[in-house]
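A quick write-up on the structure given underneath.
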Amino acid sequence: MKLGELARRAGVGVETVRFYQRRGLLGTPARQPGRARDYPPEVLADLRLIRRCVGLGLTLAQTEALMRLRRTGRAPCSAAHHLLHEGATRMREERRVLDERIAAIERLLSSCANAGPITACALLKTLEQRA
């Protein structure tokens with residue numbers, strides 16, 4: 001299949017496919033003289049796997065590692081389990097940091113009278129002081 005069809009069937013843009021090729025996540029088939037590249041069906045499966053990993057919030061590095069494991073065919077399932085566990089752990093930490101930020105914003109909002117001109121805004125004054 002051609003690049004445009006590959007992208008359409010995977011639900012991504014052509015530039016997304018090219019990005020993954022530059023990152024080494026997807027191979028680039030050889031071009032026959034005067035013809036467009038022809039992508040084998042395995043590339044569509046790879047692209048769908050990449051898209052799902054990214055959709056789950058895995059980093060590109062974790063996705064690359066999963067792709068390498070899959071390509072070798074020799075790694076135990078526990079290696080993939082470990083990578084996904086790492087991803088979940090990282091996301092929990094990110095959520096903890098976001099929760100702290102949200103709580104800080106909520107404290108600021110609760111201390112605001114929400115009245116008066118912007119030049120006297122307590123929120124802005126507080127933010128200026130803590131920068």
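The values are calculated or read from the model by the stated rules, or taken from the named source; none is laboratory data. The shown structure was predicted, so the numbers you read here are calculated from the model rather than taken from an experiment. Cβ: placed from backbone, ideal geometry, glycine included. Neighbour counts: every protein chain shown.
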Check your understanding: For the stretch 104-125, which residues satisfy the criterion of being surrounded by 10 or more Cβ atoms within 10 Å (Cβ to Cβ) and either within 30 Å of Leu47 (Cα to Cα) or of a type in the set (A, V, I, L, M, F, W, C) (or both)?
Key -> Ala104, Ile105, Leu108, Leu109, Cys112, Ala120, Cys121, Ala122, Leu123, Leu124
Practice item. Provide a single number: the residues in the stretch 69-82 that are closer than 18 Å to Gly27 by Cα, loosely packed, with under 13 Cβ neighbours inside 10 Å and either among the charged types (D, E, K, R) or in contact with a helix residue (DSSP H, G or I) (Cβ under 7 Å, 6 or more places away or on another chain) (or both). Key: 1
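Per-residue answers, yes or no, for (1) over 16 Å from the mean Cα position of the chain (by Cα); (2) part of a loop (DSSP other than H, G, I, E, B):
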| site | (1), (2) |
| --- | --- |
| Leu25 | no, yes |
| Gly34 | yes, yes |
| Leu58 | no, yes |
| Glu64 | no, no |
| Arg70 | yes, no |
| Asp99 | yes, no |
| Arg107 | yes, no |
Revision key, fill the gap. The number of residues in the stretch 36-56 that are assigned to a loop (DSSP other than H, G, I, E, B) and modelled with pLDDT of 90 or more is 3
